[in-house]
Amino acid sequence: MRVLSVVGARPQFVKLAPIDKALRRAGIEHVIVHTGQHYDPMLSDVFFRDLGISAPAEHLGIGSGSHGKQTGAMMGALDGVYAKHQPDLVLVYGDTNSTLAAAICAAKMHIPLAHLEAGLRSFNRRMPEEHNRVLTDHASDMLFTPTTVGAQHLANEGITEGVVITGDVMTDVLYETRDMVAGAPSPFKDSLGLADGSYSVATIHRAENTDDPERLSEIIESLGRVDHPVVVLAHPRLLAKAEDFGISLNQGNLQAHASVSYPELVSAVLHSRGVITDSGGLQKEAFLLRVPCTTVRPETEWVETVELGWNILVEPGKALTEAASRPHPAATDAEPYGDGHAAQAVVAALLAHS
Ligand code: UD1
């Protein structure tokens, strides 16, 4: 059996790592195709290196662009890649433009398609990721969903065939990385002189938050007003927009820091007192590390983190600033995202299907 994975953006490399390992362990041939959506070494190469992912067989070098141009360029290149490698199944991850491009090409070429992280919904059609998720799910033959909530969303849209609840592969890679960095100090201890438990980690990168100068300015000001140090790990989009709009990322208690590798991120969060983010993955990672999360979005796909009391959705301003300093929530041993063995479940389902 030959599985061809298409990835392109940072969170997809994290999801790819445990799958690549599990496929290799099962003796399944695995061809990795990198679209080049993310190309900065800190957004791409370091993940392959640190997480021990096999080198991509193909790199499409597509880069940045408007949604149509980026997605279309990927599709134009993927036809030939699929024809060359003749996969038995194409596996796509999450909800980026790389996911959608790979899914449409596989469907058009009648290649069986599997979607990892199927069934997630924000119900906000203004998010580019929401279109990518819905369209990919409806083109897929196999749908690996991390949660029962995901399976319910699929059922509500009439998709019940090929759905497998596997748990979340991000739990697999997070637990492994947590155990690896457990004894080491926070990367911010030496570099920024921040004691364990004294700071929050922030990430803001979504277009909905970065592309409107007023909203971005309000978010950054709110982060600066938090009553303890906040380190914002600056995605290239945030850096570019802040510069365009003349917004300083170093104000009040806020200081900017370059993007970090995955093990450094896990270590930084593990030793933090809180996370403030608009990322999907980080909300869940904070929960799994039992660090309170404040999410700067009107809705979340990871509703379990909110229901269990570990995540709060806020608008920028007073609500954000106050939520970032709230007391620790009640402990929980709930495992809505699986126990760290999701990749095995995915591979078992693939083998059963072949
Ligand atoms: C993409 C995904 C988003 C995911 C995020 C993780 C889509 C629609 N969005 O958003 O779901 O959460 O990745 O980071 O697919 N840039 C660089 N260097 C890079 C890549 C991008 O400087 O290596 C800059 C470019 O100015 C680019 C901008 O970042 O225009 C946005 O990049 P893009 O890949 O379009 O989307 P992300 O915001 O990263």
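The values are calculated or read from the model by the stated rules, or taken from the named source; none is laboratory data. Since this is a predicted model, take the numbers as computed values, not measurements. Here the Cβ positions follow ideal geometry from the backbone for every residue, glycine too, while neighbour counts run over all protein chains shown.
Annotations for the structure displayed:
- Flag for residue 44 being farther than 29 Å from residue 161 by Cβ, hydroxyl-bearing (Ser, Thr, Tyr) and buried (at least 16 other Cβ atoms within 10 Å of the Cβ): yes
- Exclusive hit being among the charged types (D, E, K, R) and in contact with a strand residue (DSSP E or B) (Cβ under 9 Å, 6 or more places away or on another chain), set 2, 25, 10: 2
- Selected residue (only one of 300, 295 is at pLDDT 95 or above and under 24 Å from residue 196 (Cα atoms)): 295
- Residues in the range 44-91 that are in contact with a strand residue (DSSP E or B) (Cβ under 7 Å, 6 or more places away or on another chain) and within 12 Å of the ligand (Cβ to nearest atom): none.
- Members of the range 277-311 found to be away from the ligand (no atom under 16 Å from the Cβ), crowded, with 19+ Cβ neighbours inside 10 Å and among the β-branched types (Val, Ile, Thr), listed by number: 291, 294, 305
- Qualifying residue in the range 78-87 (condition: assigned by TED's automatic domain parsing to the domain that holds residue 12, within 26 Å of residue 28 (Cβ to Cβ), in contact with a Ser or Thr (Cβ under 9 Å, 6 or more places away or on another chain) and without any contact (Cβ under 8 Å) to a residue 60 or more places away in the chain): no
- Hits in the range 171-209 (condition: under 24 Å from residue 316 (Cβ atoms), hydroxyl-bearing (Ser, Thr, Tyr) and crowded, with 19+ Cβ neighbours inside 10 Å): 199, 200, 203
- Only one of 267, 248, 217 that is modelled with pLDDT of 95 or more, closer than 19 Å to residue 191 by Cα and not charged (D, E, K, R): 267
- Scope the range 254-263; condition more than 16 Å from the ligand (Cβ to nearest atom) and in contact with a helix residue (DSSP H, G or I) (Cβ under 6 Å, 6 or more places away or on another chain); matching residues: 254, 263
- Looking across the range 312-322 at every residue that is over 24 Å from residue 130 (Cβ atoms) and out of contact with any helix residue (DSSP H, G or I) (no Cβ under 7 Å at 6 or more places or on another chain), the one that is surrounded by the fewest Cβ atoms within 10 Å (Cβ to Cβ) is identified as 318.
- Residues of the range 204-249 classified as over 22 Å from residue 43 (Cβ atoms) and more than 15 Å from the ligand (Cβ to nearest atom), total: 15
- The set of residues in the range 21-40 that are under 17 Å from the mean Cα position of the chain (by Cα) and farther than 12 Å from residue 6 by Cα comprises 38, 39, 40.
- Scanning the range 158-184 for residues that are under 24 Å from residue 349 (Cβ atoms) and assigned to a loop (DSSP other than H, G, I, E, B) returns 158, 159, 160, 161, 162, 166, 167, 168.
- Restricting 124, 132 to those that are within 30 Å of residue 158 (Cα to Cα) and either assigned by TED's automatic domain parsing to the domain that holds residue 278 or within 11 Å of the ligand (Cβ to nearest atom) (or both) reduces the list to 132.
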